[in-house]
1. Taking residue 417 as meeting all but one of (1) touching a Ser or Thr at 6+ places or on another chain (Cβ under 9 Å); (2) more than 16 Å from the ligand (Cβ to nearest atom), write down the number of the exception.
2. Could you tell me which residue of segment 324-370 is farthest from the chain's Cα centre (by Cα), considering only residues that are among the hydrophobic types (A, V, I, L, M, F, W, C), in a helix (DSSP H, G or I) and more than 20 Å from residue 150 (Cβ to Cβ)?
3. Has segment 274-296 got at least one residue that is buried (at least 23 other Cβ atoms within 10 Å of the Cβ), within 15 Å of the ligand (Cβ to nearest atom) and more than 30 Å from residue 120 (Cβ to Cβ)?
4. How many residues are out of contact with any Lys or Arg (no Cβ under 7 Å at 6 or more places or on another chain) and surrounded by 18 or more Cβ atoms within 10 Å (Cβ to Cβ) if we restrict to segment 126-136?
5. Within segment 1-48, take every residue that is closer than 16 Å to residue 253 by Cα and surrounded by fewer than 17 Cβ atoms within 10 Å (Cβ to Cβ) and give me the one that is farthest from the ligand (Cβ to nearest atom).
6. Within segment 57-90, how many residues turn out to be within 19 Å of residue 338 (Cβ to Cβ), in contact (Cβ under 8 Å) with a residue 24 or more places away in the chain and assigned to a helix (DSSP H, G or I)?
7. Output the qualifying pairs, or none if there are none: Cβ atoms under 8 angstrom, residues six or more apart or on different chains, first residue in segment 420-448 and on the phi > 0 side of the Ramachandran plot, second residue polar (S, T, N, Q) and surrounded by 12 or more Cβ atoms within 10 Å (Cβ to Cβ).
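Every number here is computed from the coordinates shown, using simple stated rules; none is lab data. Since the structure is predicted, the reported quantities are computational estimates derived from the model, not experimental observations. Note: ideal-geometry Cβ built from the backbone for every residue, glycine included; neighbour counts use all protein chains shown.
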Amino acid sequence: MIKQRENFGSRFAVIAAMAGSAVGLGNIWRFPFVLGEYGGAAFILVYMMASLVLALPIFYAESIIGRRSRCDTFGAMKKLAPGTAWRWAGLLTIVSPLLILSYYSVVGGWSVEYLFKSLSFSFTEVPAEKIPDFFGRFISSPWQPIFAHTAFMLIVAGIVLAGVSNGIELFSKLAMPALLVLILVIVGYSLTLPGSMKGVEYLLKPDFSRLTPQAYAAAVGQAFFSLSLGVGTILTYSSYVKKDENLMVSGLGTAVSDLVFAVISAFAVMPAVFAAGLQPGAGPGLVFETLPYIFNKMGEGLPMLSTLISSVFFAAILAAALTSAISMLEVGVAFLTDEKGMKRRSATLLLAFLCWVVGVLCSLSFGSLSRIKVLGLSFFDFLDHLCSDWLLPLGGLIFTLFVGWKMSKADVRDEFTNGGTRNVRIFGAVYFLMRYVAPVGIVVIFLTNLFL
Ligand code: PHE
């Protein structure tokens with residue numbers, strides 16, 4: 001029996017779902033603190049270059065494989081390169097998004113908890129100075145973060161269970177515009193704080209002396225993470241894209257939305273950090289430690305205002321995290337339903353449960369399991385480094401090599417240009433980037449990560 005494969009309904013739906021996957025904790029939580037570690041404006045410029053020259057071609061490579069095959073990542077490789085070992089490379093890219101989901105859901109849980117705390121006035125009831133400590137106490141406590149992680153994972157599973165068009169597409173179409181509005185509200189608020197202009201300057205005046213090779217590698221890693229590359233997400237979503245959709249436009253739309261959200265998030269967070277006299281390089285706790293502090297401080301005597309702003313902020317983070325997390329789970333669900341004939345329901349529940357178990361270990365690595373180290377890192381940090389420094393770029397390398405060197409150029413051109421009717425002129429440049437520039441760039445990043 002041939003099963004009817006679902007499709008995204010419109011171009012807006014395609015871009016909303018793909019941008020929904022791309023825009024997430026990577027933009028709002030990760031980008032500001034990585035940027036803070038590597039020195040502000042100059043890092044943003046490198047990041048933009050990395051996104052457009054290296055990441056976008058890989059995005060196109062994944063889209064081409066996905067839509068050409070109309071399969072999950074494993075099935076795609078099997079179909080386009082039958083009888084070869086490429087399918088095992090496809091299998092790898094099913095495991096990596098599930099690993100990411102495991103620890104991503106823990107951070108998603110933090111945003112659930114912070115939203116809940118904001119709504120229940122918990123941040124306005126204590127003196128501002130106590131708030132940064134709250135984060136450390138919360139993540140190291142045994143049960144609370146696990147409850148929050150569980151709640152986050154249940155919502156993710158619920159949306160994926162509802163299917164591609166009723167779940168993923170609908171949720172992304174609603175959440176993405178709402179997210180843009182919410183985050184702009186925060187930018188407006190942040191820019192009115194006294195002292196915020198120092199933060200704006202930090203984001204606009206480049207200091208190139210801080211651009212070390214590590215900063216370049218971090219910019220590329222961030223671009224991969226932020227565009228959801230190398231883990232089959234874009235491939236799987238592209239398999240739901242209709243044949244007449246223009247891949248160049250949906251790719252560019254996604255990359256630009258992702259860049260815009262990253263920059264807007266930086267403008268929401270950094271001016272507030274500077275206004276409060278805090279450190280931009282505070283690390284992963286930056287958003288969770290500093291923003292509630294700032295909201296509390298600025299809203300002193302006005303608990304309603306402070307509660308409103310902080311609830312809006314954490315609702316925005318939660319919405320962004322959900323649209324990304326569903327895309328991670330969908331990769332594995334597509335594999336189990338397409339290849340193993342499993343029902344969508346059982347596939348979703350099984351994978352969500354497995355990720356939940358790994359996530360519990362990640363969560364406990366901030367508390368009772370903090371003494372257990374893998375290669376000198378906590379389990380959470382180990383997974384994060386394994387994924388963003390190695391698995392994502394490795395997946396990206398697999399996809400570009402596949403499109404650039406395994407598929408025939410005629411097939412690649414046919415898919416990218418919709419049978420020679422679109423984007424014909426720029427095809428040559430895109431093909432060159434996919435075939436030569438992207439693979440060489442990734443190998444350079446591997447070497448940098450290995451030796452520095
Ligand atoms: N791009 C997402 C973010 O910025 C993270 C992600 C990585 C999503 C890989 C899917 C796959 O948060």
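1. Residue 417 satisfies all of (1) touching a Ser or Thr at 6+ places or on another chain (Cβ under 9 Å); (2) more than 16 Å from the ligand (Cβ to nearest atom) except (1).
2. Filtering first and then ranking leaves 336.
3. Scanning segment 274-296, I find no residue that is buried (at least 23 other Cβ atoms within 10 Å of the Cβ), within 15 Å of the ligand (Cβ to nearest atom) and more than 30 Å from residue 120 (Cβ to Cβ), so the answer is no.
4. The total comes to 3.
5. 10
6. Going through segment 57-90 one residue at a time, the tally reaches 17.
7. Filtered contacts from segment 420-448: 423/246; 423/417.
A quick yes/no check of all residues on (1) buried (at least 20 other Cβ atoms within 10 Å of the Cβ); (2) touching a Ser or Thr at 6+ places or on another chain (Cβ under 6 Å):
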| site | (1), (2) |
| --- | --- |
| 301 | no, no |
| 323 | yes, yes |
| 328 | yes, no |
| 339 | no, no |
| 345 | no, no |
| 410 | no, no |
